[in-house]
């Protein structure tokens, strides 16, 4: 097959969708002896796809099409023309935000979540309308849809009326070569030198988005934990600024334990596994997730996890994380106290997490995705 793949939704490589794109394409590289891949990449993002050079064809997209509105228009007008010129058998759009209305070949789209239906104020009003109204119509135009969790598949049924005849659940994977238990002492030394994390610490890795990722309640819970225990533990928050980041910074500044709250900024792919390995407890209090990479990445690295069950998270973390109500600040604080106070507690969750993480594999994801491409091709020619 000749397969087209749009990559312009990766936000310069700093989002969960970007990790999905990179990991899936790396796994699909093992199939380039049988299939031809054409990647449409914004010019300044080309270095991020150096790994694909020689096995996949990179097609540069002018930077003037990076802004959201211009990028949507490029997808609806220019990309179909390119698909026709290249005689593609199938075109994959890995995010609902850029799904096509029509194309000269079958369309496959990945929908990670329907967050606009769950979180009020997640985006500005224009994007909320796009996500709730326009996306619904676009989704019905796709030949096949990949949902990254059963939770997302249920939402597609509830909100878009899409049945399982075209919706395929394919769990995301993780790279077990990157995310695995490591030498803890060396990882802690590195984290201390790079970020000043020289004491036990809780880690939350997510873009700094308020209210969706729930940083403010976590900071309030950490403040209660510190006041109750007089502990020297730190709270480390890794991630780039996003919508509402100023509220998160304000909450940290107003905490009497502000000195023990560390903002790490964007954590690169190269340093993320080591940061996990240095972590004493990982916490993920998100109000909603379509999948949730960080908890299982942390589990794979041998870190005990505290997690919200919202969205797909209960499905992903299963019984391998200490579950909290993300809107219960006192409950979150209690979980911090429980984990910090017992090495045996942490060890039990650590072992459970390692076993749970084995369920997620990119090679399996790639094989299922290729099968979906083939079904879309047959559907389009039928």
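Readers should treat all values here as calculations from the given coordinates under stated rules, not as data from a laboratory. Please read these numbers as outputs of a predicted model, since none were measured by experiment. Cβ: placed from backbone, ideal geometry, glycine included. Neighbour counts: every protein chain shown.
If we count other beta carbons within 10 Å of each Cβ, what is the order of 175, 269, fewest first?
269, 175
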Exercise for the section: Between residue 12 and residue 87, with labels modelled 7 Å along Cα→Cβ, what's the label distance in nm to one decimal, could you check? Expected result: 4.0 nm
Practice task
Order by neighbour count: 284, 20, 249, fewest other Cβ atoms within 10 Å first, most last.
Solution key: 249, 20, 284
Handout entry: region 39-93-region 216-234 distance, computed between alpha-carbon centres (Å)
Key = 46 Å
Exercise for the section: Based on the mean of other Cβ atoms within 10 Å per residue, sort peptides 231-238, 213-220, 336-343 so the most packed one is first. Expected result: 213-220, 231-238, 336-343
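For residue 137 and residue 50, FRET efficiency with R0 = 25 Å and r from the beta-carbon atoms, rounded to 0.05?
0.10
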Exercise for the section: In nm, give the distance between the simple-model label positions of residue 232 and residue 358, each being 7 Å from the Cα along the Cα-to-Cβ direction. Expected result: 3.7 nm
Fill in the blank from the handout: Counted neighbours (other Cβ, 10 Å), sorted fewest up, put 283, 145 in the order 145, 283
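By how many nm would the segment from residue 29 to residue 240 grow when fully extended, if each residue of separation counts as 0.36 nm and the alpha-carbon distance is taken off?
The span from residue 29 to residue 240 would gain 73.1 nm if fully extended.
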Exercise for the section: Please give the length that would be gained between residue 150 and residue 268 if that part of the chain were fully extended, namely 0.36 nm times their separation in residues minus their C-alpha to C-alpha distance (nm, one decimal). Expected result: 39.6 nm
Problem - Equivalent-ellipsoid semi-axes of region 233-351, from the Cα gyration tensor, Å, largest first - result: 21, 17, 16
